[in-house]
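What follows is a short report on a single structure.
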Amino acid sequence: MADPMAMRRAVAGYVEGIHAAYATQAATFPPAVRGRMPLLAAGRFTVVAAGARHLHVLATTEPLGPLRGEEVELPGSLEGLDWVVRFYDPVVLPALGLIDEGAGPRPDDVRGTLGVSTVLYHLVTQPGSGLSPHHAGHVGAGLAAGHSAAARDFDALRSRARGREVLVDEMQGAATAGLARAQVLLARAIAPQNAPVAEAVDAALRPGAAVDPDAVRRVLVTALGGTPAGTAGAA
């Protein structure tokens, strides 16, 4: 039988690998972009490792309160990043065992069971090979690239959505908090008469659709005459 503490240390090492790659990638960006990247701007945050059928690794700034019963946490830090990893499984939190992930991960249900409404990131993986340093490096670099692209896109939107900067700020806040549907709805509010934006929003909110706020944001930037970050030719 696997040693539970050894598995926790493996997960904590995976999280540290993600954050190390994130910080390394972030160091290549301009200071103001780095300052707006969610993990670097968050201060101390909590990473929850929640085991249902899949392993969910999610970061949040929401307080989880003191440890209770069999709950365990391990601290971690790097230059510019400070976090703790809190572990939950069906033994510690029985409601996790009631989540049916037979047809695939159910991140919304996991967050609901934890009572977490906002996340800096939410990753789903499998224990074992899915926790390799190589995989962590790819995940962390990709996460940093996505966060930096979002920061630059929101800067572009502020410069192009004159009079609607408050809505752009709200959309960026929703992005930082991981509120996908809120971002999509705010995109419609920023460009209410734009047909491509309306089409992208309707598609994202269609029942059963996977909500992709990043795709909607890119459509919005393009609709307002900009070039989404990460696209060839983007500033």
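Each value in this text was obtained by applying a stated rule to the coordinates, not by laboratory testing. Model, not experiment: these values are computed from the prediction. Note that we place each Cβ from the backbone using ideal geometry, even for glycine, and neighbour counts take in every protein chain shown.
Quick notes on this structure:
- Within the chain, the longest run free of GluC sites (Glu not before Pro) that sit in a DSSP loop with at most 14 other Cβ atoms within 10 Å is 80-235.
- Of the trypsin sites (Lys or Arg not before Pro) found in segment 126-219, the ones in coil according to DSSP and having at most 11 other Cβ atoms within 10 Å of their Cβ are Arg162.
- Spin-label pair Arg68-Val166: with each label point 7 Å from Cα along the Cα-Cβ axis, the two points sit 3.9 nm from one another.
- Backbone geometry of segment 68-75 corresponds, through the Karplus equation with coefficients 6.51, -1.76 and 1.60 at θ = phi - 60°, to 3J(HN,Hα) couplings of 10, x, 8, 5, 9, 9, 10, x Hz, x marking Gly and Pro.
- Part-to-part distance (alpha-carbon centres) for segment 49-119 and segment 175-219, which is given in Å: 27 Å
- Fewest-first ranking of Ser77, Ser148, using other Cβ atoms within 10 Å as the exposure measure: Ser77, Ser148
- Beta bridges assigned by DSSP with both partners in segment 4-143 are antiparallel in approximately 70 percent of cases.
- FRET efficiency for the His134 to Ala215 pair, using the beta carbon distance and R₀ = 22 Å, is estimated at 0.20.
- Across the chain, C-alpha contacts under 8 Å between residues 6 or more apart give a mean separation that, scaled by the residue count, equals a relative contact order of 20 percent.
- Whether segment 161-223 is rounded, prolate or oblate, judged on the alpha carbon gyration tensor where a/c under 1.5 counts as rounded: oblate
- Each of Pro192, Thr176, Tyr88 was placed along the dipole of the chain (beta-carbon charges, centred on the mean Cα), and the one lying farthest toward the positive end is Pro192.
- In Hz, Karplus ³J(HN,Hα) per residue of segment 42-58 (6.51, -1.76, 1.60; θ = phi - 60°; x = Gly, Pro): 7, x, 6, 9, 10, 9, 9, 9, 10, x, 10, 6, 9, 9, 9, 10, 9
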